[in-house]
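The values are calculated or read from the model by the stated rules, or taken from the named source; none is laboratory data. None of these values were measured; they are calculated from a predicted model. FYI the Cβ positions are ideal-geometry reconstructions off the backbone, even for glycines, and counts take in every protein chain you see. Keep in mind that these areas ignore ligands, DNA and RNA; they rest on the heavy atoms of the full protein, side chains included. Shrake-Rupley method; radii C 1.70, N 1.55, O 1.52, S 1.80 Å.
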Amino acid sequence: MMNDTLSSEQQGVLEQIEDRNVETVHLQFTDLLGGVKSVSIPVSRLEKAFTEGIYFDGSSIEGFVRIQESDMRLTPDPSTFTVLPWIHDSATVGRMICDVVDTTTDKPFEGDPRRILRRAVARAEEHGYTVNMGPEPEFFLFERDDQGRPTTNPTDTGGYFDFAPKESTTRIRQEIGEVLAEMGFDVETNQHEVAAGQHEIVFQYADALKTADNIATFKTVVSSIASRHDLHATFMPKPITGINGSGMHTHISLFSDGTNQFHDDDGEFQLSETAHQFIAGILDHAPALTAVANPTVNSYKRLVPGYEAPVYVAWSYTNRSALIRKPASRSPESSRIELRSPDPSSNPYLALAAIITAGIDGIERGLEAPDPVRENIYEFDADKREEYGIATLPGSLNEALSALEGDDIIKNALGEHTFEKFREAKRTEIENYRMNVSDWERDQYLDSA
């Protein structure tokens, strides 16, 4: 019997569940730092979840609320329903991503990362833009020791675009791609990256909210499939000294009425004035943006010269030494820019919200992008960078967080609640890191001090 209180999309989920014999549904959301949280319900409770939500203790979630205001509610988004194909138990398992409701006000929770991204998207929509984004998240596959603990021993000795037999994890990466395809991803490329044990699977761009949902799902799939093979997948930006780290290059374009607003046949590199203004906004807010898109102390071990990671606040055409580049494209629809600094340790909802807000601010203020840099900036010395007016990204989480504290535009994008919680968590991380004695320090000073 049809429930008239449910939307057609919610009814459609119930029909899929019946057709595919789903017995359990995971309801997922992310905490402040991007960790995926989940509660499982039997399908018999799903109608109630749609109409009344599922209550949980928000005080137990990183960055949410205090204990005296802890009751919160999950509202499943039916557009995110999918089956988890890697779970091959007797029961089929489904999944939906949820929005978080503050039960004290019965309104969307201001600290829900998904809501924060929705707000940034709405700001772009006020100007008539749909924001399309395409991420390239990289990751490492490492072996586990005899006790099942993660090591930093790569699963292969391959390099960029290497293939079997040298690249022994080709089949695992292929399996990840197949699972993603079953879940509705359009996988574009699947390859070994530069460092041993490092991989990248690129999936097609989508609107910003779906892209953030896809990143969270992608990380869950990669980790789950790796565990099935007794391996450990990590999205840590720089797990091993002296080799390339993992980034999450993010491609961006703005569409309006089906037309790519970043494309101009007559523009330099076929980029429009709108694209130049968006670029200028990102460059203007780059220091503060870095705190959100590169949110761990380890992130800044990746953001150093010499390992293909961007550290210089500049833009260019195809040039990978700049923070932003305009990739080669074969059609007006594919004209876009690529921001190369984000890494996959970031909360995807917050990172994409900050990127969009910075770019839209550039459009609203009519900012002019500086001249593009055509040379390899990695080869510039300090004097030449100064001559070109090229600044450097923050060299530590402490520097980036200080920049965020002084940038009202990016702070407001996060909202007061999330900014304060984020700052508190990151200041604690910085202090813990400062007080920790590392193996490097013992090796360097134990015998000589």
Problem set entry | Portion, in percent, of the accessible area of the chain that falls on carbon or sulfur, probe 1.4 Å | 45 percent
Problem set entry | Long-range amide H partners of Ser321 with built H, under 5 Å | Ile377
Exercise. To the nearest 10 square angstrom, what accessible area does Lys210 show with a 1.4 Å probe?
Worked result: 100 Å²
Exercise. What does a probe at Glu188 reach in the stretch 226-246, counting residues whose amide N is under 19 Å from the point 7 Å along Cα→Cβ?
Worked result: none
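How much net charge surrounds Thr51 when only other residues with a Cβ under 13 Å from its Cβ are counted (Lys, Arg +1; Asp, Glu -1)? Walk me through the intermediate numbers first.
On the way: positive: Arg45, Lys48, Arg73; negative: Asp4, Glu47, Glu52.
Residues close to Thr51 contribute a combined charge of 0.
Sort the following peptides by mean Cβ neighbour count (other Cβ atoms within 10 Å, averaged over residues), highest first: 226-234, 148-156, 113-121.
Values: 226-234: 17.3, 148-156: 14.8, 113-121: 22.6.
Going from most to least packed, we get 113-121, 226-234, 148-156.
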Exercise. Which distance in Å, rounded to a whole number, links the C-alpha centroids of the stretch 390-430 and the stretch 231-258?
Worked result: 20 Å
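Can you work out the FRET efficiency for the pair Asp145 and Leu446, with r the C-beta to C-beta distance and R0 = 41 Å, to the nearest 0.05? Walk me through the numbers on the way to the answer.
Working: r = 25 Å, r/R0 = 0.62.
The computed FRET efficiency comes out at 0.95.
Where does each of 38-47, 276-285 land if you order them by average Cβ count within 10 Å, highest first? Spell out each step's value before the answer.
Working: 38-47: 15.0, 276-285: 24.5.
For the peptides 38-47, 276-285, the packing ranking is 276-285, 38-47.
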Problem set entry | Amide hydrogen neighbours beyond the local backbone of Leu84, cut-off 5 Å, H modeled | Val93, Gly94, Arg95
Problem set entry | List Phe56, Phe142, ordered by accessible area with a 1.4 Å probe, largest first | Phe56, Phe142
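Tell me, what is a quarter of the convex hull surface for the C-alpha atoms of the chain, in nm² with one decimal? Walk me through the intermediate numbers first.
Numbers: hull surface 101.2 nm².
For the chain, averaging the hull's shadow over all directions gives 25.3 nm².
Can you work out the FRET efficiency for the pair Glu333 and Asp230, with r the C-beta to C-beta distance and R0 = 41 Å, to the nearest 0.05? Spell out each step's value before the answer.
Numbers: r = 43 Å, r/R0 = 1.04.
Here the calculated transfer efficiency is 0.45.
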Seminar exercise, completed: In deg cm²/dmol, rounded to the nearest 500, the helical mean residue ellipticity at 222 nm of the chain, built from -39500 (n - 2.57) for every DSSP H run of length 4 or more, is -10500 deg cm²/dmol
Exercise. What's the tally of Lys pairs in the chain whose alpha-carbon atoms lie under 17 angstrom apart, where the two lysines are 8 or more places apart or on different chains?
Worked result: 7
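What accessible area per residue, rounded to a whole number of Å², is obtained for the stretch 250-330 using a probe radius of 1.4 Å? Intermediate results must be reported in sequence, preceding the final value.
On the way: 2770 Å² over 81 residues.
That works out to 34 Å² per residue.
Kyte-Doolittle mean at least -1.0 and Cα extent at least 20 Å along the axis: which DSSP H helices of the chain qualify? Write down the numbers at each step before the final one.
On the way: long enough: 208-228 (30 Å, 0.35); 348-364 (24 Å, 1.26); 416-435 (28 Å, -1.72).
Long hydrophobic helices here: 208-228, 348-364.
How large is the dipole of the stretch 198-338 about the Cα centre if only Lys and Arg carry +1 and Asp and Glu carry -1, each at its Cβ, rounded to the nearest 20 debye?
For the stretch 198-338, the charge dipole is close to 760 debye.
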For this session: Could you list which residues have their amide H under 5 Å from that of Phe203, counting only those 5 or more apart in sequence or on another chain, with H placed in the peptide plane?
Result: Glu188
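Expected output is a single nm value to one decimal: the length gained when fully extending between Asp257 and Asp408, i.e. 0.36 nm times separation in residues minus the C-alpha distance. What is it? Don't jump to the answer; show the numbers that get you there.
Working: separation 151, 0.36 × 151 = 54.36 nm, distance 3.12 nm.
My answer for the length gained is 51.2 nm.
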Seminar exercise, completed: Relative contact order as a percentage, the chain, C-alpha pairs under 8 Å and 6+ apart, gives 15 percent
